[in-house]
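Notes follow once the structure below has been shown.
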Amino acid sequence: MDRDDTKARIDTLIEPFNKKGVGIGEDTTFAGDLEWDSLTVMDFVAAIEDEFDIIISMNQQAEIETYGQLIDAVTKLRGA
Amino acid sequence: MSESAATPDRPQPMADAGHNSQDLFSKFDPLIKQRKDLLDSGLEDPFGLVMERVLSPVTAVCNGRETILLGTYNYMGMTFDPEVIEAGKNALDDFGSGTTGSRVLNGTYVGHKEVEKALCEFYAMDHAMVFSTGYQANLGIISTIAGKGDYIVLDIDSHASIWDGCALGNAEVVPFKHNDLDAMEKRLRRIPEGAGKLVVLEGVYSMLGDIAPLKEMIAVAKKYDAMVLVDEAHSMGFIGPNGRGVAEEQGVLDDVDFVIGTFSKSVGTVGGFCVSNHPKFEIMRLVCRPYVFTASLPPSVVATAATSIRKLMDAGDKRTHLWENSKRLHAGLKGLGFQLGTDEPQSAIIAVIMPDLERGAAMWEALLKEGLYVNLARPPATPANMTLLRCSLCAEHSEEQVGQILTMFEAAGKAVEII
C-alpha cells in the first residue's frame, strides 16, 4: 500500500489527539513529545485500526516509538 | 485478588532515568517525590494503614482507632465464621503449618483435593485447579493457554493479574474499550484466520463496581470461535442464583470455558482457582509454571476455604442482606449528593467519585478520623484517571452500621466541601 496515502490519513486522524498542538514529524515520539497516557494511546490506536480495518496488537505497539515508525507499520499491515 | 491503589493495573512505560544514573532506583524518584509531598502535607499515609486488632469481619482497630471496615472485599464475612475457624485449627493440628512443596511434588494433601472437590460442586463443573493466590491463577492460566501466534482479546480495564498473565505469555495482546461490545467484535473480526483466540472478561470490574454484559459479549466471542475466560473474583458467593457469579446471573455460565476466582474475597482466606469443563483441563497441572513452581497453600488455608465454600452454597439469607446493604448505601450516598461510579448498585462495590486527588485524599483521611476505612484509588490506577473512594460492603454490616457509614460520609463530605 502507498505510504503517502497512509501518512495523509493518519495526519488527519491524529489531529484531535494532539491536544498540545505539537508539531508532528517523522521523529516525533508518542511517549516523549506527545506525552500520551495509555488511555489516549488506546483511543488513537482504535481510531487507526477502524480507519484501515487492521489490528495492531500491544506487542506490535511496543515496537512503535515514533510517528514515522507508526506510518511504516500501518503501511505494512495494510499490505499484509 | 487484591487491588493496589497506587499502581496502575495496565503496564505503564517507565520514566527515563537519565543516562548518568548508576542507581537502578533512580527510575522511582518521581513516585518517591509524589509520595513525600503527600505525606509532608500532614496526611495519614493512605497506603500504610495498620490493623492493630481485628474485632470482626467489619470492625478493627486501625492506627489506634476503632474503625468500621468498608474496603476489605470480605463480602460474605466468612473470616470469623466459627466452623471455618474450627476447620483451620484442626488442619493446623493434624497436618502442620505448611506443605513446603509444590502441588506436583510433595504439596498435595487431602485438603487440597477436598477444596478442589468443593469448587467442582460449587460451580457444578468437572475440573478445579487451586493456585496459591488469585493473582497466580490468572497469571498461570492466561500465560499457559494462549501461546505464540494466539490472540488474547481483553477489556482495557482488566485487573493487573490479567495484564501480567498476558505479559508472561507469548500471545498477541489486543485490548478493547471497557465493556464496549462493538469494539470487542471489531477486534475479533480482524484477527487472522486460523489463529487461536482467548477473550478475557471480568464479571464485576472492581474500580467502579460495574458488571459486564457477559451474555452479549460471550455470544460474540463464540461467533468468532474464541475461548472465553471470565474472572469472577468480585461476584463469587452472592451474584447469581447459586453465587457462581455474573455469568450465572446472566444465564451464560455454560458458555464460559474458564472461570477464575479467588479465596481472598467472599471465601475469606487466600488462594486462587480456575474451574472448567474442558476435557483436557487436567494437563494444566503439569504445564502451568505458576502452579508448578510455587509451594502449595498451607493445610489450614485449604481447610478454611473448603469449609467456607460449602457454607457459601447455602448462604441465601446473607446474599439477600448484602444486596440490601449495597442498595441502602448506594441510595444513601446518592441522596447526600455524592457522584457514584454506577447509576444503580450492580455489585457490592460502590465507588464514590472525588473531584480531584487533593480533596479525595482529604476526604479519605476525614473518613478515617470519623472511624471508617474505605479504599482510596487514584490516578493512574483508575479508569479515566479518576480519584475514587471505593466502598465494598459485607453481609455482616448491620443496617445500623450502614446508617452510621452514611452519617460519617455526610460529615466528612461537608468538612471537605464536596457536598
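Nothing in this text is a laboratory measurement; each read-out follows from the coordinates by a stated rule. Computed from a prediction, not measured in an experiment: that's the story for all the values here. Methodologically, a virtual Cβ is constructed for each residue, glycine included, from the backbone with ideal geometry; neighbour enumeration extends over all protein chains shown.
Odds and ends about this structure:
- Sorting B:280, B:113 by the number of Cβ atoms found within 10 Å of their own Cβ, with the fewest placed first, yields B:280, B:113.
- Among B:163-174, B:49-60, A:64-75, B:396-407, the peptide with the highest mean count of other Cβ atoms within 10 Å heads the list, and the full ranking is B:163-174, A:64-75, B:396-407, B:49-60.
- Using alpha carbons only: equivalent-ellipsoid semi-axes of chain A, gyration tensor based, whole Å: 18, 14, 12
- Of B:205, B:373, the sequence from fewest to most neighbouring Cβ atoms within 10 angstrom is B:373, B:205.
- Gain in span if fully extended, residue B:55 to residue B:278, counting 0.36 nm per residue against the direct Cα distance: 76.0 nm
- Cα-based Kirkwood hydrodynamic radius, chain B, one decimal, Å: 22.3
- Exposure proxy ranking for B:234, B:112, B:159, B:278, based on other Cβ atoms within 10 angstrom of each Cβ and starting from the fewest, stands as B:278, B:112, B:159, B:234.
- Size of charge dipole - the stretch B:103-227 - debye, nearest 20, with Cβ of Lys, Arg +1 and Asp, Glu -1, no other charges: 280
- Given charges at beta-carbon only (K, R positive; D, E negative), |dipole| of the protein assembly as shown in Debye: 840
- Positive minus negative residues near residue B:32 (Lys, Arg vs Asp, Glu; Cβ under 14 Å): -1
- The residue among B:266, B:145, B:47 whose Cα reaches farthest toward the positive pole of the charge dipole of chain B, with charges on the beta-carbon of Lys, Arg, Asp and Glu, is B:145.
- Placing pseudo-labels 7 Å out from each Cα toward the beta carbon at residue B:327 and residue A:9 gives an inter-label distance of 5.1 nm.
- The convex hull defined by the C-alpha atoms of the stretch B:167-214 has an orientation-averaged projected area of 4.1 nm².
- Toward the positive end of the charge dipole of the protein assembly as shown, with +1 on the Cβ of Lys and Arg and -1 on the Cβ of Asp and Glu, the farthest Cα among B:337, B:127, B:247 is that of B:127.
- Of every Cα-Cα pair in the protein assembly as shown, the percent that sits beyond 32 Å: 46
- Viscosity 1.306 mPa s, 10 °C: Kirkwood-radius Stokes-Einstein D of the stretch B:34-164 over Cα pairs, µm²/s: 83
- Where only alpha carbons of the stretch B:80-312 are counted, the Rg and the Dmax (Å): 17.4, 57
- Peptide B:170-177 is shielded by partner chain Cβ atoms: per residue, an average of 5 of them sit within 10 Å of its Cβ.
- Peptide A:43-54, shielding by other chains (average Cβ, 10 Å cutoff): 2
- Tail weight of P(r) past 15 Å, computed on alpha-carbon pairs of the stretch B:246-306, percent: 62
- With a cut-off of 13 Å between beta carbons, the residues surrounding residue B:354 carry a summed charge of -1, where Lys and Arg count +1 and Asp and Glu -1.
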